[in-house]
Amino acid sequence: MDLTTTVLMVLLFVLGNVTEGEVLHYNFYDKSCPQLENIVRAGLVPLFVTDPTSPAALLRLMFHDCQVQGCDASILVDPIEGNVSSEMASVRNFGIRKRELISIVKSMVEAACPQQVSCADILILAAREAVAMSGGPHIEVPLGRKDSFTAPSYQQADTWIPPATTGVDDMLHIFTSKGMTIQESVALIGAHTLGVTHCASIMNRLYKAEGDKAHQEMEPGYEAFLMLNCPEWSLTSNISFVLNDPTAFIFDNLYYKNAMGGRGVLRIDDEMVSDPRTAQIVKHFASDRDDFFRAFSSAFVKLSTSGSLNQGVIRKRCNVLD
């Protein structure tokens, strides 16, 4: 399948899966804010140079936002003092950071195009740039989302955001329900090529009854390495971490090569190698970076259009419900 056909299929998916009245376009801001993408890119470059962990943080931020009532920038809303039920209070959002970067970029966009561009679109564009600036594909995304005017509860986030213990079955259920193929689902998990995993997320995987399936596929030397960096009964497991792969700041296909060698950090990393539905796809992506990039781009667009709002608002400040 050539690139033109792939792009057309993705576009047809987007147009066929929007909510009633919703209109997302690849040229949505051509008249109202034609310099938008340049502003977002220019705003992020110095932030990424200052902190090379920022791209991974923004990509995860976008994933978590889109999992809860769609890509509506609800995750950017600051909890109201005394409100313990806010979305950010969810245990699933442990480690979420760099939300303030979207507010910084939003202020730059507002200076050029007042009240034209939603925080939801800026978050999608920021995640897109995070991938591209880390060496990954440049992804064309349709725009025109609105921001939510309500904030979901932590219970909703707990329900919809998958935990670190998620396996292949749950992963495929989540992503195929959003219209993704199995290949696209495996590609989206490839986002683990960026960033780190906190020790708290893998303690149960490392320290459990002998013979537990959760780590039977792990290479013994790598398991020992993880245990050394994440010791049992550690008091710092919430702040200590391990790299997802040796090139944690580069968007590449080394994640799949590591997984095939038994060096996957999370349960899903190991299970995809042995599950008959995903094993050959992992093997293919490990040897063909370009195909991984194409499948990831397609999956990114599908996730970014999931549950997008057209009846929401355009917040002037991303962290406050106007």
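For the stretch 38-55, taking the residues that are in a helix (DSSP H, G or I) and of a type in the set (Val, Ile, Thr), the one that is surrounded by the most Cβ atoms within 10 Å (Cβ to Cβ) is identified as Val40.
So, in the stretch 131-159, of the ones that are β-branched (Val, Ile, Thr) and not in a helix (DSSP H, G or I), which residue ends up nearest to Phe293 (Cα to Cα)? Quick ask: steps written out before the conclusion?
Restricting attention to the stretch 131-159, the residues satisfying the condition of being β-branched (Val, Ile, Thr) are 131, 139, 141, 150, 159.
Narrowing the set further to residues that are not in a helix (DSSP H, G or I) leaves 139, 141, 150.
Numbers: Ile139: 9, Val141: 15, Thr150: 35 Å.
It comes out as Ile139.
Only one of the numbered conditions (1) open to solvent by less than 70 Å² (accessible area, probe 1.4 Å); (2) at pLDDT 95 or above; (3) assigned to a helix (DSSP H, G or I) is violated by Tyr29, and that is (3).
Got at least one residue in the stretch 280-288 being closer than 24 Å to Glu87 by Cα and of a type outside the set (Ser, Thr, Tyr)? Scanning the stretch 280-288 turns up no residue that is closer than 24 Å to Glu87 by Cα and of a type outside the set (Ser, Thr, Tyr). Identification of helices (runs of 4 or more DSSP H) wholly contained in the stretch 211-320 with 2 or more residues that are open to solvent by less than 50 Å² (accessible area, probe 1.4 Å) and either closer than 30 Å to Ser148 by Cβ or at pLDDT 95 or above (or both) yields 254-260, 267-274, 279-287, 289-304.
Against the numbered list (1) assigned to a loop (DSSP other than H, G, I, E, B); (2) open to solvent by 10 Å² or more (accessible area, probe 1.4 Å); (3) modelled with pLDDT of 90 or more, Phe175 comes up short only at (1). Among the conditions (1) within 25 Å of Ser32 (Cβ to Cβ); (2) open to solvent by 10 Å² or more (accessible area, probe 1.4 Å); (3) among the acidic types (Asp, Glu), the only one that Asp158 does not satisfy is (1).
The values are calculated or read from the model by the stated rules, or taken from the named source; none is laboratory data. Predicted, not measured: the structure shown is a model, and the values here were computed from it. Please note: Cβ atoms are built from the backbone with ideal geometry, for glycine as well, and neighbour counts cover all protein chains shown. With ligands, DNA and RNA removed, areas are computed over all heavy atoms of the protein, side chains included. Shrake-Rupley method; radii C 1.70, N 1.55, O 1.52, S 1.80 Å.
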